[in-house]
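Accompanying notes for the structure given below.
Read-outs: derived from the displayed coordinates by stated rules, not from any lab. Keep in mind it's a predicted model, so treat the numbers as computed, not measured. Using ideal geometry, Cβ is built from the backbone for each residue, glycine included, and neighbour counts are taken over all protein chains shown.
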Amino acid sequence: MPSGSVLFVEDESMILLDVENSLREAGFEVIAVLKGLEAIATFDREPERVAALLTDIRLGDGPTGWDVARHLRGANPTMPVIYMSGDGADDWPSLGVPNSLMITKPFVMPQIVRCPTWRQSRCWC
């Protein structure tokens with residue numbers, strides 16, 4: 001049984017639902033949100049509940065996935081972070097937090113569900 005949740009941030013609702021359902025089916029507890037500001041507020045309310053971050057890069061208005069990851073890592077320097085992007089992968093070396101991973105879109109669900117980064121977190125089942 002996982003002892004923490006994956007905070008999943010994706011501004012496209014269909015992708016959000018697909019990935020959220022796949023993670024839940026794989027046994028993860030998931031907190032899914034559509035905006036960067038909502039992700040930061042969710043984390044700030046209950047930081048102990050979040051064990052890992054899975055985020056898109058471009059999240060519409062407000063904070064980007066880069067911003068969300070930096071905020072969470074400021075509170076928890078070892079939190080596993082996985083970025084997803086269709087066009088932001090080139091910026092990952094300079095804007096991504098250290099020891100994070102980038103998964104480029106399009107992807108297949110096993111890339112997300114079986115990602116080795118989850119093994120480092122409390123949310124791995």
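Listed values, structure above:
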{"read-out": "Rounded FRET efficiency, nearest 0.05, which uses the C-beta distance separating residue 14 from residue 78 and R0 of 30 Å", "value": "0.40"}
{"read-out": "Rounded, prolate or oblate (a/c below 1.5 giving rounded, otherwise prolate when a/b exceeds b/c) for the stretch 21-94 by Cα gyration tensor", "value": "rounded"}
{"read-out": "Residues with amide H under 5 Å from that of residue 5, placed H, sequence gap 5 or more", "value": "50, 51, 52"}
{"read-out": "Ascending count of other beta-carbon atoms within 10 Å, so fewest first, for 101, 54", "value": "101, 54"}
{"read-out": "Fewest-first sequence of 78, 64, 55, 104 by Cβ atoms within 10 Å of each Cβ", "value": "78, 104, 64, 55"}
{"read-out": "Sorted by Cβ neighbour density within 10 Å, fewest at the top, the residues 10, 20, 46", "value": "46, 20, 10"}
{"read-out": "Rounded if a/c under 1.5, otherwise prolate or oblate - the stretch 1-55, Cα gyration tensor axes", "value": "oblate"}
{"read-out": "Length added when fully stretched, residue 37-residue 71, from 0.36 nm per residue minus Cα-Cα", "value": "11.2 nm"}
{"read-out": "Computed label-point distance, nm, for sites residue 90 and residue 22 using a 7 Å Cα→Cβ extension", "value": "2.6"}
